[in-house]
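The values are calculated or read from the model by the stated rules, or taken from the named source; none is laboratory data. Please read all numbers here as calculations on a predicted model, not as lab measurements. For neighbour counting, all protein chains shown are included, and Cβ atoms are generated from backbone atoms with ideal geometry for every residue, glycine included.
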Amino acid sequence: MLSREQFQSLAENGLILDGATGTNLQKVGMPKGCCTEQWILENPQPLLELQGQYAACGSQVLYAPTFQAQPIALERIGMAQQTESVNARLVALTRQAAPGCLVAGDITTLAAFLESWDMDNFDLMVENYRRQIRGLIDGGADLLAAETLLYPQEAEAILTAAELEGAGACLYTFTMQSDGSLFSGMDAGSVLHELELSGAAAVGFNCVAADMMTPYLVSKLRRYVRCPIVCKPNAGEPVVGDSGIPEYSLGAEGFAEVMKQCYDNGARLLGGCCGTTPRHILKAKEAIF
């Protein structure tokens, strides 16, 4: 894995991340509510094609589809004992899709399975993240990306697990409100500052709507941290139609305008979350570089 210093050197002038995985796979047949990781292992071609498109459109860092590949999540489909191998295999798939890109092992909140704000659950969270991180390292991930976090306790558990497993560079992004607060009500800037001091390679946000407030949010966070800022918003607000699959309001050109402002305001790791497509990433890259 890359060290914190190695990754920050690569990110100094900016890196383009990928866009959404789940919303795009749903469009090509992934059932709503299924275990994404299991479906991808059984149907790898749609992922290979999607990530290949992201690479062709300018993504330099691809997130492996390991979002909820923790034992506590895999238990519901009887795959908890395979946690390490599931993560390793999914990293290998992403590497196969785009050999020239960096591969980030994707990690997320455990709030759907336990009270992840409660320090009484801290040891359980660390154990879940340790097993996932071990699989990501064994699979050859270049870095870790902890995303859509809700509480500082989750980030602390990931930090601890990463240290215990000897992991290298790790990015931490929270879903936030437009005023720069976490959904727990805590101020995001101070939380990200503490993460930087604790060794985070980069910090920022994902899964917020890309709109006029997004560049402001980057500016506010820049006051608190000096490490690279991650900006990975959604393609606007979702609208659920008759298909049950959310559609997002912001097209590729509008998304690119927001991302250019975010870059100008200090973000250096830029990509997309829900609703973004390879075209969103292409237009953002063209606007920024």
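Evaluating GLY33 against the criteria (1) modelled with pLDDT under 95; (2) touching a Ser or Thr at 6+ places or on another chain (Cβ under 8 Å) leaves one unmet condition, (2).
Just so you know, in segment 227-246 the residues that are in contact with a helix residue (DSSP H, G or I) (Cβ under 7 Å, 6 or more places away or on another chain) and either of a type outside the set (Val, Ile, Thr) or surrounded by 17 or more Cβ atoms within 10 Å (Cβ to Cβ) (or both) include one that is nearest to THR175 (Cα to Cα), and it is PRO233.
Would you please name the residue that is farthest from MET212 (Cα to Cα), looking only at residues in segment 223-248 that are in contact with a Phe, Trp or Tyr (Cβ under 8 Å, 6 or more places away or on another chain) and at pLDDT 95 or above? My answer is VAL230. For segment 275-289, filtered to residues that are closer than 18 Å to PRO215 by Cα and not in a helix (DSSP H, G or I), the residue that is modelled with the lowest pLDDT is PHE289. Let me confirm something: among LEU182, LEU171, LEU124, LEU159, which residue is closer than 22 Å to PRO65 by Cβ and not polar (S, T, N, Q)? Of LEU182, LEU171, LEU124, LEU159, the one residue that is closer than 22 Å to PRO65 by Cβ and not polar (S, T, N, Q) is LEU171. Just so you know, in segment 91-148 the residues that are of a type in the set (Asp, Glu) and out of contact with any Ser or Thr (no Cβ under 9 Å at 6 or more places or on another chain) include one that is nearest to ALA56 (Cα to Cα), and it is ASP142. Each residue in segment 234-274 was checked for being in a loop (DSSP other than H, G, I, E, B), over 21 Å from ALA56 (Cα atoms), small (Gly, Ala, Ser) and touching a residue at least 40 places away in the same chain (Cβ under 8 Å), and 2 pass.
For segment 13-39, name all the residues that are of a type outside the set (S, T, N, Q) and in contact with a strand residue (DSSP E or B) (Cβ under 7 Å, 6 or more places away or on another chain).
Kept after step one, since they are of a type outside the set (S, T, N, Q), are these residues of segment 13-39: 14-20, 22, 25, 27-35, 37, 39.
Passing the criteria: GLY14, LEU15, ILE16, LEU17, ASP18.
Take ARG268 and decide whether it is loosely packed, with under 15 Cβ neighbours inside 10 Å, of a type in the set (Lys, Arg) and either touching a Cys at 6+ places or on another chain (Cβ under 6 Å) or at pLDDT 95 or above (or both). No: the conditions fail for ARG268.
Among all positions in segment 168-175, there is no residue which is of a type in the set (A, V, I, L, M, F, W, C), surrounded by fewer than 24 Cβ atoms within 10 Å (Cβ to Cβ) and out of contact with any Asp or Glu (no Cβ under 7 Å at 6 or more places or on another chain).
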